[in-house]
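Report on the following structure.
Bear in mind these aren't lab numbers, they're just calculated from the coordinates by the rules spelled out. Since the structure is predicted, the reported quantities are computational estimates derived from the model, not experimental observations. A quick note on method: Cβ atoms are made from the backbone with ideal geometry, for glycine too, and the neighbour counts reach across all protein chains shown.
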Amino acid sequence: MEFVATNGAPQAIGPYSQAVGMGDLLFCSGQIALDPATGELKGSTAAEQARQVMKNLAAVLEAGGSGLDLVVRTTVFLKDMADFAAMNEVYGQAFGPHRPSRSTVAVAALPRNALVEIDAIARRRA
């Protein structure tokens, strides 16, 4: 196992790794919209937060030898399912034509009172 960490994404706020690599797979922990420079939540809407989440996720993937184009699975956690369309638009823009499998679930709360959290499983570059 390889533990992945990058300053391009927020540092873990608990006893976990930003990602763990195992062979040709990379398992990314959930990212919320924390600004890596300040540690503060960035954005007040689901769309704004989703943009930062995708930036954070991309940074972790890159640090682990992968990228958004190699993501095979994501899970999206939303504080309010009414934010699905806004999150989905940003998500679709970030992934472009690439379409990983995905589940989206509504949750009662997220860390730091975030509106969106996304985790991912990706293949690493050869």
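Here are a few things to note about the model shown:
- In order through region 113-122: 3J(HN,Hα) via Karplus (6.51 cos²θ - 1.76 cosθ + 1.60), integer Hz, x for Gly, Pro: 6, 5, 9, 9, 9, 9, 10, 7, 10, 9
- Likely footprinting exposure, Ile32, Ile121, Ile13, fewest C-beta neighbours within 10 Å first: Ile13, Ile121, Ile32
- The residues Tyr16, Tyr91, when put in order of fewest to most other Cβ atoms within 10 Å, stand as Tyr16, Tyr91.
- FRET efficiency, Asn7 to Arg112 (Cβ-Cβ, R0 22 Å, nearest 0.05): 0.70
- Backbone phi angles across region 27-42, fed through the Karplus curve with coefficients 6.51, -1.76 and 1.60 (θ = phi - 60°), yield HN-Hα couplings of 10, 9, 5, x, 10, 10, 7, 7, 6, x, 6, 10, x, 9, 5, 10 Hz in residue order; Gly and Pro are listed as x.
- Here the 3J(HN,Hα) profile of region 45-50, calculated from phi with Karplus coefficients 6.51, -1.76 and 1.60 at θ = phi - 60°, is 10, 4, 5, 4, 5, 4 Hz, Gly and Pro shown as x.
- Summary value for region 2-123: 32 percent relative contact order, contacts being C-alpha pairs under 8 angstrom separated by 6+ residues.
- When you count the other C-beta atoms within 10 angstrom of each residue and take the mean per peptide, 43-55, 108-120 line up highest first as 43-55, 108-120.
- Within region 2-123, percent of DSSP bridges classed antiparallel, to nearest 5: 75
- Simple label model, 7 Å out from Cα along Cβ direction - Ser103 to Arg73, nm: 0.9
- Under the shape rule built on the C-alpha gyration tensor, where the axes satisfy a ≥ b ≥ c, region 45-126 is prolate, since a/c reaches at least 1.5 and a/b is greater than b/c.
- Taking Lys and Arg as +1 and Asp and Glu as -1, the other residues whose beta-carbon sits under 15 Å from that of Ala33 total -2.
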